[in-house]
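Report on the following structure.
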Amino acid sequence: MAIDNRQPARHGWRFFVGSNTFLQVLVGIVGLAFWEAASRSFDLDFWISSPTAVATELVRWERSGHLWVDLRVTMTEASLGFIVGCIAGGFTGFVLGWTQRLGDILEPYIVALYSIPKIALAPLFVLWLGIGVTNKVMFAAMLVFFIVFFTTYRGVRSVDRELVQNAWLLGANRWDIWTKIAIPYSAVWMLTGLRIALPDALIGAIVGEFVASDAGVGYRIKEATAFVNTAGVFAGLFVLLLISLCLLSLLKLIENRTLRWQAGDGAIATEPGH
Amino acid sequence: MEQIRSATAAAVICRQLAISFDEVVVKFGDFHAMGPTSLDVRHGEFLAIVGPSGCGKSTLLNLVAGTLVPSSGAVAYKGNGVAGINHDVGYVTQKNYCLPWRTVEGNVRLPLEFRNVPPADAREQVRDALAMVGLLGFEKAYPKQLSGGMQQRVAIARTLAYRPSVYLMDEPFGSLDAQLRTRMHEELLKIWQETGATFVFVTHDLQEAITLADRVVVMSKRPGIPKLVVDIDLPRPRDIIDIQASPAFGAYFKTLWAALDVH
């Protein structure tokens, strides 16, 4: 992305100490130190655990061999749910967005469904799909569906009709209009939807595991809570944090490649020979 | 409708027609926008249409492009009635409709992709078109990085790329500065000469119309009807600066200006 050219390049420890990266790391270290100190000096280990206890717990989790199994289970649920939700939401959003009439008729129903607090549906999914992986996948998919549906729907509806008509004039067929005009045009919306939906997929998987499961990061957090193992709960949260950071940076990467044309603001190219 | 005919023009009149309007009327509800209009455009002709704003100049082009259906009367294109979108024409509109996510090259290639032109041929056609509008070297730039005038040239190149036999141009140079306009006029005349294509060029600039056209149609105020048709009998190939300085040019300007009736 854009490099800030206003700051002249400097070297030496002064520059290093003043750099954002250094300060960011510093904030992290200070935060962790406070946490540790608070936990030890006020004997709050039971409530807030401590970084060292969480680290110990993570090591124990890894040694037991459960960590990787739990990770695999949760990631499978979340990613399958994400994919299913994206396909279903993207497809429905595209169809209803493109065929205005159908969209106008069905929109209120989808909005109504969306307004249900979806977490409350989790028990229903257990009833329908049992306590296995399918239940979590479908629950995550449902959360993702709504987000992707709405963003795609809005995106497709925002497609400039004049631009489409111009493409017809240039000789496009229906397929061309969809793939070369409508989808790229709404890509900004769709990608925003994907980014918002990604944490939702994880939430879906975790909630599903909370409700009923025998493996997964959510299951491990629930189990640790049952044993009043605060450090275990924090260890689970830490793992979730890492997962979502990885997923988000992956999506950012895709976004940057897809939306490259949006970069380079205001760089007016000069006329040839002027 | 008054006609000022020259002897040489009479010879081309019997050539086959590219476009013909037959008693065409366009109404939007009670709003009488244009017509009744009867007008023929011959193959290979450069026809300019001038007239006050809102007289239905662009409407005429939309009828040929098939984006608008006449309320009554008929529009024929190469002998057949226009039904639905007319893919055969090259329509350059006032807005450039560049796709912001495609590079200059990608935008110009678009109609060739629609037409399934083989990639090797497409590359060559894109290059030729960009050369004609003086945009070589900007293949990889995105529209956002270009000035308005350059974006408009991308739109022109996009139309040139698929080499239509009929061009509909709706004030394509409106957003360009005077020097660039003159340069584009030269380019356009060259393209017309080389391709033998038919041009229907809508403008409100009389000078532009006389410089380029074989024939200039003056439309009346709304509801627009052709008020005067003048054959521009200036020598071809035209040197823009020379003909604009010629006395004949001034005479045409005077005639057309009077017909425009701007007061």
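Residue by residue, here is whether (1) within 30 Å of A:Thr74 (Cβ to Cβ); (2) touching a strand residue (DSSP E or B) at 6+ places or on another chain (Cβ under 8 Å); (3) modelled with pLDDT of 90 or more holds:
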| residue | (1), (2), (3) |
| --- | --- |
| A:Lys118 | yes, no, no |
| A:Lys136 | yes, no, yes |
| A:Ala141 | yes, no, yes |
| A:Tyr153 | yes, no, yes |
| A:Arg161 | no, no, no |
| A:Val164 | no, no, yes |
| A:Ala167 | no, no, yes |
| A:Ile177 | no, no, yes |
| A:Leu191 | yes, no, no |
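What residue, among those in the range B:51-67 that are within 11 Å of another protein chain (Cβ to nearest Cβ) and in a loop (DSSP other than H, G, I, E, B), is surrounded by the fewest Cβ atoms within 10 Å (Cβ to Cβ)? Per the stated criteria, the residue is B:Thr67.
Being farther than 30 Å from A:Arg161 by Cα and free of Cβ contacts under 8 Å to residues at least 40 places away in the same chain is a condition met by no residue of the range A:84-91. Among the conditions (1) out of contact with any Lys or Arg (no Cβ under 8 Å at 6 or more places or on another chain); (2) within 14 Å of chain A (Cβ to nearest Cβ), the only one that B:Glu171 does not satisfy is (2). Take the conditions at pLDDT 90 or above, surrounded by 24 or more Cβ atoms within 10 Å (Cβ to Cβ), more than 13 Å from the chain's Cα centre (by Cα) and of a type outside the set (D, E, K, R) and apply them to B:Ala209. Does it pass? Against the criterion (at pLDDT 90 or above, surrounded by 24 or more Cβ atoms within 10 Å (Cβ to Cβ), more than 13 Å from the chain's Cα centre (by Cα) and of a type outside the set (D, E, K, R)), B:Ala209 does not qualify. Conditions: (1) buried (at least 20 other Cβ atoms within 10 Å of the Cβ); (2) of a type outside the set (Lys, Arg); (3) farther than 13 Å from B:Ala157 by Cα. B:Pro100 meets all but one. Number of the miss? With (1) buried (at least 20 other Cβ atoms within 10 Å of the Cβ); (2) of a type outside the set (Lys, Arg); (3) farther than 13 Å from B:Ala157 by Cα applied to B:Pro100, the lone miss is (1).
Scanning the range A:168-211 for residues that are within 14 Å of chain B (Cβ to nearest Cβ) and of a type in the set (S, T, N, Q), we see that the one that is farthest from B:Val166 (Cα to Cα) is A:Ser186.
Taking the range B:62-115 as the range and being more than 19 Å from the chain's Cα centre (by Cα), of a type outside the set (A, V, I, L, M) and closer than 19 Å to B:Gln152 by Cβ as the test, the residues that pass are B:Pro100, B:Trp101, B:Arg102, B:Thr103, B:Glu105, B:Gly106, B:Asn107, B:Arg109. Here B:Leu136 passes the criteria (1) closer than 27 Å to B:His185 by Cβ; (2) of a type outside the set (S, T, N, Q); (3) more than 10 Å from every other protein chain (Cβ to nearest Cβ); (4) surrounded by fewer than 23 Cβ atoms within 10 Å (Cβ to Cβ) except the one numbered (3). Just one of the listed residues (B:Ala120, B:Ala48, B:Ala74) is more than 27 Å from B:Leu189 (Cβ to Cβ), away from chain A (no Cβ under 13 Å) and not in a helix (DSSP H, G or I), namely B:Ala74. Somewhere in the range B:94-107, is a residue more than 9 Å from every other protein chain (Cβ to nearest Cβ) and closer than 20 Å to B:Phe46 by Cα? Yes, the range B:94-107 contains at least one residue that is more than 9 Å from every other protein chain (Cβ to nearest Cβ) and closer than 20 Å to B:Phe46 by Cα. Answer yes if at least one residue in the range B:240-256 is over 21 Å from B:Arg153 (Cβ atoms) and in a strand (DSSP E or B), and no otherwise. Taking every residue of the range B:240-256 in turn, none turns out to be over 21 Å from B:Arg153 (Cβ atoms) and in a strand (DSSP E or B).
When B:Ala74, B:Ala83, B:Ala131 are screened for being within 23 Å of B:Leu168 (Cβ to Cβ) and either in contact with an Asp or Glu (Cβ under 7 Å, 6 or more places away or on another chain) or among the aromatic types (Phe, Trp, Tyr) (or both), only B:Ala74 passes. Apart from one condition, A:Asp214 fits all of (1) of a type in the set (D, E, K, R); (2) outside any loop (DSSP other than H, G, I, E, B); (3) out of contact with any Gly (no Cβ under 8 Å at 6 or more places or on another chain); (4) more than 24 Å from A:Gly90 (Cα to Cα); the exception is (2).
Every test in (1) buried (at least 22 other Cβ atoms within 10 Å of the Cβ); (2) in a strand (DSSP E or B); (3) touching an Asp or Glu at 6+ places or on another chain (Cβ under 9 Å) is passed by B:Gly90 save one, and that test is (3).
Once the range B:74-84 is narrowed to residues that are surrounded by fewer than 18 Cβ atoms within 10 Å (Cβ to Cβ) and touching a Leu at 6+ places or on another chain (Cβ under 9 Å), the residue that is nearest to B:His204 (Cα to Cα) is B:Ala76.
When the range A:120-167 is limited to residues that are aromatic (Phe, Trp, Tyr) and within 25 Å of A:Leu194 (Cα to Cα), the one that is farthest from the other protein chains (Cβ to nearest Cβ) turns out to be A:Phe125.
Rundown of residues vs (1) aliphatic (A, V, I, L, M); (2) at negative phi; (3) touching a Phe, Trp or Tyr at 6+ places or on another chain (Cβ under 8 Å), yes/no style:
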| position | (1), (2), (3) |
| --- | --- |
| A:Thr151 | no, yes, yes |
| A:Arg154 | no, yes, yes |
| A:Arg161 | no, yes, no |
| A:Gln165 | no, yes, no |
| A:Ala182 | yes, yes, yes |
| A:Leu194 | yes, yes, no |
| A:Val217 | yes, yes, no |
| A:Lys222 | no, yes, yes |
| A:Val233 | yes, yes, no |
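A single member of B:Leu180, B:Leu168, B:Leu228 is part of a helix (DSSP H, G or I) and either under 14 Å from the mean Cα position of the chain (by Cα) or crowded, with 19+ Cβ neighbours inside 10 Å (or both), and it is B:Leu180.
The values are calculated or read from the model by the stated rules, or taken from the named source; none is laboratory data. Because the structure is a prediction, the values reported are computed rather than measured. Neighbour counts run over all protein chains shown; Cβ positions are idealised from the backbone, glycine included.
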